[in-house]
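Have a look at the structure below before the remarks.
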Amino acid sequence: MILLIAFVCALLLMGLQRLLYKKLWNKNLDVKISYKTTDCVAGEENELKEVITNDKFLPIPMLHVKFDTPKSFIFENERNSSISDNYYRDDVFTVMGHQSVTRTLKFTCTKRGCFYMHDTNITSSDLFMKLTLTDKCSNHAVINVFPRKVDLAFFDIPFKTITGNFVTQKTYIEDPFEFKGIREYQPYDGIRKINYKSSAKFGTLQVNTFFMTSSQEVRIILNLDAQTYSRDDRLIESIISLASSIAERFIRAGVSVGLITNGVDSYTKEQISKESGAGNHHMLSIDTALARIDTHAENIDFVQVLNSCFDTVNEMTYYIVISNNRSNEIIKAYEEAKLRGVSSLLIIPELKQFEVKEEIKDMIKWDIDY
């Protein structure tokens with residue numbers, strides 16, 4: 001009789017917990033996935049953090065958290081992942097009632113790009129592992145992996161020549177996006193620069209100051225079409241890295257930099273273009289734009305991009321054209337612009353083993369060695 005009662009009680013307990021888990025297992029259950037930093041450079045280490053919060057009395061004996069990350073993210077521990085187009089991770093947690101569990105996964109970002117994480121699938125069960133309970137959590141984690149920086153030793157002389165020419169005619173202006181500090185008001189300061197909060201604190205008028213930037217500008221015109229018939233992603237990635245590195249060097253020197261390419265954004269499918277600007281914030285926006293380039297999409301006709309840039313000659317702008325492709329049409333558009341007085345330099349990135357036989361005015365080769 002006792003055994004029968006115990007059996008009935010066990011059945012009732014099993015049925016009750018089954019009903020409870022069916023109804024409440026995902027109530028107040030939160031799964032968040034985030035990156036330590038959402039902006040990093042290809043080749044750098046990063047961290048992915050999983051935070052599971054179970055804010056109810058009912059424990060979760062086993063919770064499978066399934067999500068995918070790009071194949072270019074190399075995790076230190078890959079035992080819980082499978083690889084196809086992405087890494088598909090399946091991490092298992094046990095979360096007691098009113099408990100939060102955090103797991104940190106270290107990985108290396110090996111490839112440039114802008115990566116969105118898809119929704120997270122979660123699977124659980126009841127205490128007796130008889131139920132299969134599934135749900136989906138929205139995930140808005142995004143990470144921009146910027147191009148690697150490259151050695152610009154080959155560019156030392158052109159850089160000094162360009163900046164040297166700027167010195168003879170440039171003026172400096174304040175960049176309102178690059179805050180420098182606060183100082184006491186002077187008679188020549190404008191009213192707009194007054195920092196009223198600091199003025200009230202110190203009892204005298206205080207004004208905001210900003211870093212100076214050159215009124216001259218460099219405009220980088222980037223061609224993503226390759227000279228060779230066989231497409232090589234490493235070649236294109238090297239070219240993008242070169243554009244990023246040159247932009248960074250000029251911005252560090254206080255020169256405004258603009259960027260236009262014949263490539264398109266991976267998600268908006270619009271042409272990648274950035275107006276001229278200076279400072280760390282602008283460099284961040286350039287790197288973000290370069291991270292979002294879709295190297296497998298159809299590029300815009302580069303001759304059209306060149307002609308559009310060279311339509312109006314601006315003596316305050318120096319143009320740096322980066323193009324591995326040196327078709328007759330591209331060379332003609334570049335040389336015609338030179339004849340009209342456009343200040344420009346043509347950089348031809350090419351594999352070290354290949355020669356550049358074209359003789360073009362103001363042209364240098366960048367050897368790519370990989």
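Some notes on this structure:
- Cα-based Rg of the range 271-310 normalised by 2.2 N^0.38 Å, two decimals: 1.36
- One compactness figure for the range 190-349 is 1.27, namely its Cα radius of gyration divided by 2.2 N^0.38 Å.
- Straight-line reach from LYS332: taking Cα to Cα under 13 Å and skipping same-chain neighbours fewer than 8 places apart, the aspartates and glutamates in range are GLU358, GLU359.
- Once the 1.4 Å probe is applied to the protein heavy atoms, the range 257-353 comes out at 44 Å² accessible per residue.
- Over 31 Å (Cα to Cα) - which of LYS136/LYS269; LYS149/LYS338; LYS49/LYS193; LYS27/LYS269 fall in this group: LYS49/LYS193; LYS27/LYS269
- Here the chain has 53 percent of its accessible surface on carbon and sulfur atoms, given a 1.4 Å probe and all protein chains in place.
- Heavy atoms of LYS130 accessible to a 1.4 Å probe, total area in Å² rounded to 10: 140
- Modelled spin labels at GLU359 and ASN139, positioned 7 Å past Cα toward Cβ, are 5.8 nm from each other.
- Restricting the calculation to alpha carbons of the range 301-370 gives Rg and Dmax of 12.4, 38 angstrom.
- Rounded to 5, percent antiparallel among DSSP beta bridges of the chain: 70
- For the chain, complete DSSP H runs whose alpha carbons reach 27 Å or more along their own long axis and whose mean Kyte-Doolittle score is 0.5 or higher are 2-24.
- Given the chain, longest segment not containing exposed loop GluC sites (Glu not before Pro) (DSSP; at most 14 other Cβ within 10 Å): 79-269
- For LYS197, a cut-off of 18 angstrom between C-alpha atoms picks up these lysines, skipping any fewer than 8 places away in its own chain: LYS180.
- Only DSSP H runs of four or more residues enter the estimate; each adds -39500 (n - 2.57), and after division by the residues of the chain the mean residue ellipticity at 222 nm equals -8000 deg cm²/dmol.
- Partners for LYS106 among aspartates and glutamates (Cα-Cα distance below 19 Å; same-chain residues under 8 apart left out): ASP39, GLU44, GLU45, GLU47, GLU50, ASP68, GLU76, GLU78, ASP90, ASP91
- Under-5 Å amide H pairs with LEU205, H placed in peptide plane, nonlocal only: TYR185
- Label of the coordinate-derived value, semi-axes √(5λ) of the Cα gyration tensor in Å, listed as (i) 34, 23, 21; (ii) 39, 25, 19; (iii) 55, 30, 15: (iii)
The values are calculated or read from the model by the stated rules, or taken from the named source; none is laboratory data. No experiment lies behind these values; they were computed from the predicted model shown. Please note: Cβ atoms are built from the backbone with ideal geometry, for glycine as well, and neighbour counts cover all protein chains shown. What goes into the accessible areas is simple: the full protein's heavy atoms, side chains included, and nothing from ligands, DNA or RNA. Shrake-Rupley method; radii C 1.70, N 1.55, O 1.52, S 1.80 Å.
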